[in-house]
Amino acid sequence: MTLRNRLVMSPMETMYGTPDGLPSERTRDYFAARAKGGVGLITVGATGIDHHHPETPGGLHLGTDAAIDAHRALVDVVHEHGAKIQPQIVHAGPDGLGPEMHGVTSIGPSVIPSYLTGRPSTEVTHEQLIEVFDLFKAAVRRAAEAGHTAAARALGSLYLTGAGVAEDAEEATRWLRVSGDAGDPASRVDLANLLPQGSVLAKATMRPGCACWISARYRFDSRMAMSASSRVERRR
Ligand SMILES: Cc1cc2nc3c(=O)[nH]c(=O)nc-3n(C[C@H](O)[C@H](O)[C@H](O)COP(=O)(O)O)c2cc1C
């Protein structure tokens, strides 16, 4: 992700979310003010993968599809002021307020007392761990659908390499296009690799001065890409 400067806001939970854990008008105003103030990258504080395990009352989450539109509104207002934004996607683990707020049991790598309440979690089972992985994947997808460039990049890379998901060139292309269009150079290189003759195009990007060349061309269909790659071959 290319930033306008090196001012990066570390994740800080604001507790400005709605009671349902969605970004509120106050959340948007708060982050828009930081974007307007010149921050390069905002990291939204602890954003849960499971709305049953909030870290704080009103703590944000990406655990339901209802979160997508609310997060998109937040992303849009930050982008309007020229900053980038990414969510810190988490599971609250032993420290979640799920038992108090939703009557569920907190899970942890072992029996660990919550630092907030002192109440012990249970040790996560293998099945629960698989569920947590799936919740992380779903949350990253929702973040990408909400317009978070880094999430789109991460999702595209996962589909490209088959890490934790079934390898899927179509899905990889879909998400890398989103992050590529948002100006992420690494996504553009990956997209080039997905095109026929992509290896030739990708090699071109390794040469000084060629990154712009590839970024301007990565949208071309495969026919154009092939003719572009033969131009590269001819220049050798
Ligand atoms: C009000 C508040 C909320 C925070 N929320 C989070 C959070 O959601 N996630 C996180 O990883 N760190 C959180 N932190 C920690 C900060 O991101 C940061 O690491 C910490 O303030 C130390 O900053 P420093 O390394 O510049 O001293 C929070 C800190 C504060 C003061």
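Values quoted throughout were computed directly from the atomic coordinates according to the rules given, and no laboratory measurement underlies them. Note that the structure is a prediction, hence the values are computed from the model and not measured. Here the Cβ is made from the backbone with ideal geometry for all residues, glycine too, and neighbour counts use every protein chain on show.
Residues in region 42-63: is at least one surrounded by 23 or more Cβ atoms within 10 Å (Cβ to Cβ), assigned to a helix (DSSP H, G or I) and among the hydroxyl-bearing types (Ser, Thr, Tyr)? The answer is no; no qualifying residue exists. Checking region 3-10 against the condition returns a match, with at least one residue being part of a loop (DSSP other than H, G, I, E, B) and polar (S, T, N, Q). Restricting to region 1-21, give me the number of residues that are under 16 Å from Val78 (Cα atoms), of a type outside the set (Val, Ile, Thr), away from the ligand (no atom under 16 Å from the Cβ) and touching a residue at least 40 places away in the same chain (Cβ under 8 Å). Residues in region 1-21 being under 16 Å from Val78 (Cα atoms), of a type outside the set (Val, Ile, Thr), away from the ligand (no atom under 16 Å from the Cβ) and touching a residue at least 40 places away in the same chain (Cβ under 8 Å): 3 in total. Scanning region 49-66 finds no residues that are small (Gly, Ala, Ser) and within 21 Å of Ser179 (Cα to Cα). In region 31-47, how many are within 12 Å of the ligand (Cβ to nearest atom) and farther than 19 Å from Ala139 by Cβ? Of the residues in region 31-47, 0 are within 12 Å of the ligand (Cβ to nearest atom) and farther than 19 Å from Ala139 by Cβ. Being assigned to a helix (DSSP H, G or I), more than 16 Å from the ligand (Cβ to nearest atom), of a type outside the set (Phe, Trp, Tyr) and surrounded by 14 or more Cβ atoms within 10 Å (Cβ to Cβ) holds for only one residue in Glu127, Glu100, and it is Glu100. Among the residues of region 48-58, the ones that are under 18 Å from the mean Cα position of the chain (by Cα) and within 15 Å of the ligand (Cβ to nearest atom) come to 2 in all.
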